Each structure stands twice: as structure tokens, then as C-alpha cells.
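Report on the structure given below.
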Amino acid sequence: MIILAGMGLHDIKDMPLKVLEAAQSCEKIYAEFYTNLYHSTLDELSNELGKTVTQVKRSDLEEKLQTLVAEGAAKNTLILVPGDPLTATTHIELLLEAKKQGVETEIIHASSIYSAVAQTGLQIYKFGKTTTLASPEQGYNPTTPYRVIAENKKHGMHTLVLLDVKAESGHYMTQKEGLKQLLLMESKYRSGAVEPATQVISAARLGGCDQKIIYASAQKLKDTDLGSPPHVIIVPAQLHFKEEEALNLYKP
């Protein structure tokens, strides 16, 4: 069978006990780190689980699904994912392929950014569509995140903006980079989605002992250093008075 398991939001201390138990019955254990930055190493995972953990790349999970599914048909296989295992479409594809091949699967859920953002005081049910802000490249500068923020605001919904992860090159977009991009889009499209005076939330390393959450204007935050990644940006819509009371705790 294939067991797809979340490692939790920040590091190995967030890993569910169910994962430790599942590892004992698995002959092969893999971990991917391309969907988010995780603060525990392969060696630390191997020591904790008492078995060798092998890293898999994006290409292994996206282009070699048949190989992984065939391995899962022959032996118990555990695939570890930062955060919760079903927040990346890659992993849904793995489950679908396993189902087609008649291979049994199991999911072990864990903490993720989607629940951790509630620490800001924003009400989870008021979040609209999530969007990912990609790093611009020559001939590629998508503006979808800006449009998503504008549409969510129109409906009174907050927006969680995930920031680009390029694990292969070791680049993780910071909130400073992200806000500079969003403000450039605002200067071009001028729909009021993220203006310099717009109050936004930037969060870094949620779940870690050194996490930071700051609530300030986009103009101020684009020049604020939150330290090492991962970072996220949250653009709130109209606030409930309790949300506003909570966010005031994070004003610099």
C-alpha cells in the first residue's frame, strides 16, 4: 500500500504519532521538500523513524507516478510531505493513479498553513480562494494573484497568498519580494486590490519558536525584513470587530 503522510507545519516535532507508527510497517520511506521549506533534515527524519528516508524530487512524483505506484503495489511505501499531504495537486494525482491500479492507500493528515493562519485572528470561514505568487521570469509574469485578491475582496473574503518555492535552486520568495510584485501590479491595473496604504498581514515561519506575524500597510511591510522563509502574505477584506481586535496585537 501507499501511505501519504503530512510531516506537519514546521519541523519534526510537528509530525503526528500516526506517522511514527506507520513507518514501522513500511519497507520504503520517501520525503519530498519541494512543496515547502521544512526545518528538519533527511538525517533527522531517518533517526526519528529508525529507518532510512530517501528524498524524492518533483519529477519523481509528477513524471514517475507509475514507478512509485508499482512499488506501492509490491511493498508498504510511506511518502512524507511538509504540512498536510493533500494541499498539493501532485499528491492527489498519486492517489488517483494508485486507485486506478488497485493499490490500497492511506492518508495521515497534519497541521498546515491553511489552519495556522487562524493565529492571526482572522476567521477561517471568511477566506476565499488561495493563490500562489510566482517569481517573474523573462516572458512570464503572471498576474493571477492580483486578480484573485481583487475578486475575493469584492465578495468580502480574505486572501491567503502563498509565495513561490524553488527548492531545487534554494530560492524561497520573501514577503518583501511578494509585496513589491503586488504593488507593481496595483500601479498597472489600479483596481485597489493592494494599494500602498492597504493593511496586510505578513507571517514568517508559522509553527516555529521564532515565528513572526506583522500587520501593517503594504508600503511599510515591503521594506520590513521578517528573517528566513517560509513567508506568506494575507490580504484581508472587511474585518469583523473581533478580527480587528486580534490583528491590533500584531501591529509593529
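The values are calculated or read from the model by the stated rules, or taken from the named source; none is laboratory data. Computed from a prediction, not measured in an experiment: that's the story for all the values here. Every residue, glycine as well, gets a Cβ built from its backbone with ideal geometry; the counts of neighbours run over all protein chains shown.
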In the list Ala150, Ala197, Ala216, Ala204, which residue meets the criterion of being touching a Pro at 6+ places or on another chain (Cβ under 9 Å), small (Gly, Ala, Ser), at pLDDT 95 or above and more than 23 Å from Gly83 (Cβ to Cβ)? Ala216
For segment 99-114, state whether one or more residues are modelled with pLDDT of 95 or more and farther than 24 Å from Leu61 by Cβ. no
Among residues of segment 120-141 being without any contact (Cβ under 8 Å) to a residue 60 or more places away in the chain and part of a helix (DSSP H, G or I), the residue nearest to Phe33 (Cα to Cα) is Ile124
Kindly evaluate Lys188 against the criterion of being part of a helix (DSSP H, G or I) and either in contact with a strand residue (DSSP E or B) (Cβ under 7 Å, 6 or more places away or on another chain) or surrounded by fewer than 19 Cβ atoms within 10 Å (Cβ to Cβ) (or both). yes
Do the conditions hold for Gly227, that is, is it part of a loop (DSSP other than H, G, I, E, B), out of contact with any Gly (no Cβ under 7 Å at 6 or more places or on another chain) and not β-branched (Val, Ile, Thr)? yes
Please go through segment 162-185 and pick out each residue that is part of a loop (DSSP other than H, G, I, E, B), surrounded by 14 or more Cβ atoms within 10 Å (Cβ to Cβ) and either in contact with a Phe, Trp or Tyr (Cβ under 8 Å, 6 or more places away or on another chain) or small (Gly, Ala, Ser) (or both). Asp164, Ala167
Would you be able to tell me the number of residues in segment 4-35 that are surrounded by fewer than 21 Cβ atoms within 10 Å (Cβ to Cβ) and among the small types (Gly, Ala, Ser)? 2
Could you list, in sequence order, all residues of segment 193-229 that are without any contact (Cβ under 8 Å) to a residue 24 or more places away in the chain and either among the acidic types (Asp, Glu) or crowded, with 20+ Cβ neighbours inside 10 Å (or both)? Glu195, Asp210
Checking the structure you have, find out if any residue of segment 142-155 is among the acidic types (Asp, Glu), exposed (fewer than 13 other Cβ atoms within 10 Å of the Cβ) and touching a residue at least 12 places away in the same chain (Cβ under 8 Å). no
Test each condition in (1) closer than 24 Å to Tyr250 by Cα; (2) in contact with an Asp or Glu (Cβ under 7 Å, 6 or more places away or on another chain); (3) outside any loop (DSSP other than H, G, I, E, B) for Thr159 and report the one that comes out false. (2)
Suppose the filter is under 30 Å from Ser59 (Cα atoms), modelled with pLDDT of 95 or more and of a type in the set (Gly, Ala, Ser); does Ala246 pass it? no
